[in-house]
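Undergrad: Shown below is the structure under consideration.
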Amino acid sequence: MLILAIDTSAVASAALISDDAMEGVVESFATEDTRSHAEVLAPGIEKLLGDAGVSGADLDLIVTGVGPGPFTGLRSGIATARTLAFAWNKPLFGLMSLDAIALEVAESTEAQAEFLVATDARRKEVYWARYTLTEGQLPQLVDGPHVGFASELPDLPVFGAGGGIYADVVNANGEFSTTQPDAASLGQFAMALLTAGEKLPDSTPLYLRESDAQVPGPRKRAL
Amino acid sequence: MNHPGHVNQPGTVQPLVLGIESSCDETGVGIVRGTTLLTNTVSSSMDEHVRFGGVIPEIASRAHLDAFVPTLQEALHEAGVALDDIDAIAVTSGPGLAGALMVGVCAAKALSVATGKPLYAINHLVAHVGVGLLDGAGGGTGGLGSGARLPENLGALLVSGGHTEILRIRSITDDVEMLGSTIDDAAGEAYDKVARLLGLGYPGGPAIDKVAKHGNAKAIRFPRGLTQPKYMGTAEEPGPHRYDWSFSGLKTAVARCVEQFEARGEDVPVADIAAAFQEAVVDVITSKAVLACKENRITDLLLGGGVAANSRLRELTGQRCGAAGITLHVPPLSLCTDNGAMVAALGSQLIMAGIGPSGVAFAPDSSLPVTTVSV
Ligand SMILES: [Zn+2]
């Protein structure tokens with residue numbers, strides 16, 4: 001099975017995941033910055049496919065991170081994934097982006113029985129979710145995702161860049177203080193779920209916040 | 001990255017081009033073959049903005065994301081073409097709302113990567129002009145482009161919720177100049193704000209146009225922005241805003257007028273205010289546009305943008321152009337408002353002129369200058 005995974009909930013990233021390849025990852029790329037998705041994503045995917053010698057027809061399905069993440073960046077990945085899936089006529093699924101970090105935590109020596117994953121939500125807030133971990137199992141989402149102030153998080157170790165930024169108020173794990181959701185981990189998570197016979201959700205974005213727009217009140221009359 | 005050897009040889013006859021538009025609140029996909037329109041499919045999020053009285057960028061962007069693939073699917077179906085048949089893709093890369101542009105640009109790039117078809121990143125304002133080159137799109141006053149050729153001395157007046165500009169077009173593919181534009185609100189925005197003041201609903205253009213028909217435009221005189229000599233100067237020594245517009249002072253004047261009626265305990269004469277406001281907008285737009293045409297020897301003027309639907313704007317522009325010996329071209333309204341067909345139409349012109357594609361690494365630019373026809 002060959003999966004193209006895309007996540008732009010923080011940085012822009014894409015990966016080809018195969019159940020034949022070592023560690024599952026055939027090719028992957030990720031940017032450092034969180035603001036150039038629209039420029040780098042399509043060339044990145046084009047190169048990814050080229051380097052792997054793979055065409056759209058060879059894919060079995062596409063998986064995209066559905067956030068939470070800053071809206072404009074998040075949409076660039078989902079728009080890309082939906083359009084590729086349409087053009088190649090491939091099934092498309094969505095995975096919660098914080099799952100990517102949770103899987104990395106589970107596979108690291110830092111793994112904990114219960115932990116939080118957090119990323120930067122800007123405006124002094126973080127996107128976060130709570131996971132539990134049982135030996136030999138995939139991390140289990142038990143609460144979230146939510147958006148809120150770092151100082152109001154449950155008292156658990158925090159993994160991911162959202163912890164690193166607010167290390168003064170949360171119990172941030174140092175090893176994961178700059179970790180962002182990455183398509184390679186997200187794709188591996190999807191592969192593991194599918195192998196276990198689970199169904200994946202669709203690509204509906206998890207915005208968690210309404211648009212800032214205010215419905216204007218009635219105009220004050222001059223009396 | 002360029003896609004060499006595809007369709008960018010000059011003289012490629014009748015390329016089949018798919019155009020994508022997402023710069024404001026319309027998700028548009030249009031397909032043209034050369035200068036023949038095959039389909040113009042538009043999904044609008046306008047209804048979602050009504051309660052806010054104006055376009056909310058984040059709401060528009062969310063709607064683009066959900067509307068894109070269904071709109072694309074419908075366009076292909078209506079035109080009876082498959083993605084494989086397309087020769088090239090064109091997309092609006094600016095100017096427009098940054099978050100909204102991003103959705104169309106990402107989708108267009110994905111389509112280019114998936115199909116291997118070349119991608120043209122094009123200027124939205126110039127596309128409003130390019131649509132006039134489609135067969136039969138020159139409007140009731142005579143076709144713009146017979147055989148896809150533009151008149152020699154062409155200008156374009158674009159009036160919508162997002163823009164108020166007068167352009168000079170020497171070559172649709174590589175020589176477009178901005179003669180004047182609004183320095184604050186677009187005319188359509190001013191309509192929306194005044195309609196809200198008068199309790200007439202959204203969008204303001206049609207609402208005010210309708211009520212104004214029952215009002216006396218001469219009952220009140222509202223200011224015409226940037227018409228004082230210090231802004232206008234003379235033809236020989238133009239002032240700093242000779243062909244520019246400003247509508248924020250007009251909006252304030254309307255608000256003050258409404259307040260005065262209310263303070264006196266009188267009924268607000270909504271129809272008269274609407275008519276007088278509309279007259280002020282249309283008078284200053286057309287007088288400056290015609291002045292710009294005369295002084296730049298423009299003999300053909302294309303009217304574009306959603307406010308082209310406004311009956312008084314069409315009437316007065318027609319009268320004043322006629323008096324000045326300028327031929328006015330008004331495309332059908334469905335091609336005046338934002339749409340994908342205009343993007344495809346301009347893309348097709350670029351290909352026929354032998355201009356190369358943009359690749360997939362460009363960034364959308366919310367303030368793309370009109371001098372950049374394609375990226
Ligand atoms: Zn427009």
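The values are calculated or read from the model by the stated rules, or taken from the named source; none is laboratory data. Just so it is clear, the structure is predicted and the values come from calculations on it, not from any experiment. Here the Cβ positions follow ideal geometry from the backbone for every residue, glycine too, while neighbour counts run over all protein chains shown. Note: accessible area is taken over every heavy atom of the protein model, side chains too, but ligands, DNA and RNA are not part of it. Shrake-Rupley method; radii C 1.70, N 1.55, O 1.52, S 1.80 Å.
Undergrad: Looking only at helices (runs of 4 or more DSSP H) that fall completely inside the range B:251-370, which ones have 3 or more residues that are at pLDDT below 95?
TA: On the way: elements: B:270-295, B:311-324, B:333-336, B:340-352.
In the range B:251-370, the matching helices (runs of 4 or more DSSP H) lie at B:311-324, B:333-336.
Undergrad: In addition: Name the single residue, out of those in the range B:173-186 being modelled with pLDDT under 95 and within 16 Å of the ligand (Cβ to nearest atom), that is farthest from the other protein chains (Cβ to nearest Cβ).
TA: Looking at residues that are modelled with pLDDT under 95 and within 16 Å of the ligand (Cβ to nearest atom), I get B:Ala186.
Undergrad: Only residues that are within 16 Å of the ligand (Cβ to nearest atom) and at pLDDT 85 or above: list them for the range B:135-162, please.
TA: Going through the range B:135-162, the residues within 16 Å of the ligand (Cβ to nearest atom) turn out to be B:137, B:156-162.
Residues satisfying the conditions are B:Ala156, B:Leu157, B:Leu158, B:Val159, B:Ser160, B:Gly161, B:Gly162.
Undergrad: Hey, can you tell me all the residues within the range B:68-100 that are on the phi > 0 side of the Ramachandran plot and away from the ligand (no atom under 16 Å from the Cβ)? Reasoning before the result, please.
TA: Keep residues of the range B:68-100 that are on the phi > 0 side of the Ramachandran plot, which gives B:80, B:94, B:96.
Of everything in the range B:68-100, just one residue is on the phi > 0 side of the Ramachandran plot and away from the ligand (no atom under 16 Å from the Cβ), namely B:Gly80.
Undergrad: Which residues, counting only those in the range A:157-179, are under 26 Å from A:Gly44 (Cβ atoms) and open to solvent by less than 50 Å² (accessible area, probe 1.4 Å)?
TA: Selection gives A:Phe159, A:Gly160, A:Ala161, A:Gly162, A:Gly164, A:Phe176, A:Ser177, A:Thr179.
Undergrad: Kindly indicate the residue of the range B:234-257 that is surrounded by fewer than 20 Cβ atoms within 10 Å (Cβ to Cβ) and touching a Pro at 6+ places or on another chain (Cβ under 8 Å) and also farthest from B:Val290 (Cα to Cα) among those meeting that condition.
TA: B:Ala253
Undergrad: Is there a residue being within 14 Å of chain B (Cβ to nearest Cβ) and out of contact with any Lys or Arg (no Cβ under 8 Å at 6 or more places or on another chain) anywhere in the range A:191-205? Quick ask: steps written out before the conclusion?
TA: Our first condition is that a residue be within 14 Å of chain B (Cβ to nearest Cβ); within the range A:191-205, this holds for A:202-205.
Going one step further and asking which of them are out of contact with any Lys or Arg (no Cβ under 8 Å at 6 or more places or on another chain), we end up with A:202, A:204.
Yes, some residue in the range A:191-205 is within 14 Å of chain B (Cβ to nearest Cβ) and out of contact with any Lys or Arg (no Cβ under 8 Å at 6 or more places or on another chain).
Undergrad: For B:Thr227, all conditions in the list (1) away from the ligand (no atom under 16 Å from the Cβ); (2) open to solvent by less than 20 Å² (accessible area, probe 1.4 Å); (3) β-branched (Val, Ile, Thr) hold save one; what is the number of the exception?
TA: (2)
Undergrad: Hey, can you tell me all the residues within the range B:12-49 that are closer than 25 Å to B:Leu150 by Cβ, away from the ligand (no atom under 16 Å from the Cβ), open to solvent by less than 50 Å² (accessible area, probe 1.4 Å) and not aliphatic (A, V, I, L, M)?
TA: The answer is B:Thr12, B:Pro15, B:Gly34, B:Thr35, B:Thr39.
Undergrad: In addition: Looking at the range B:38-52, which of the residues that are small (Gly, Ala, Ser) and away from chain A (no Cβ under 14 Å) is farthest from B:Pro203 (Cα to Cα)?
TA: Taking the range B:38-52 and keeping what is small (Gly, Ala, Ser), we get B:43-45.
Subsequent filtering for residues that are away from chain A (no Cβ under 14 Å) retains B:43-44.
Values: B:Ser43: 16, B:Ser44: 13 Å.
Out of the qualifying residues, it is B:Ser43.
Undergrad: Filter the range B:335-374 for residues that are more than 30 Å from A:Lys47 (Cβ to Cβ) and within 13 Å of the ligand (Cβ to nearest atom) and give the result.
TA: Residues satisfying the conditions are B:Leu335, B:Cys336, B:Thr337, B:Asp338, B:Asn339, B:Ala341, B:Met342, B:Val370.
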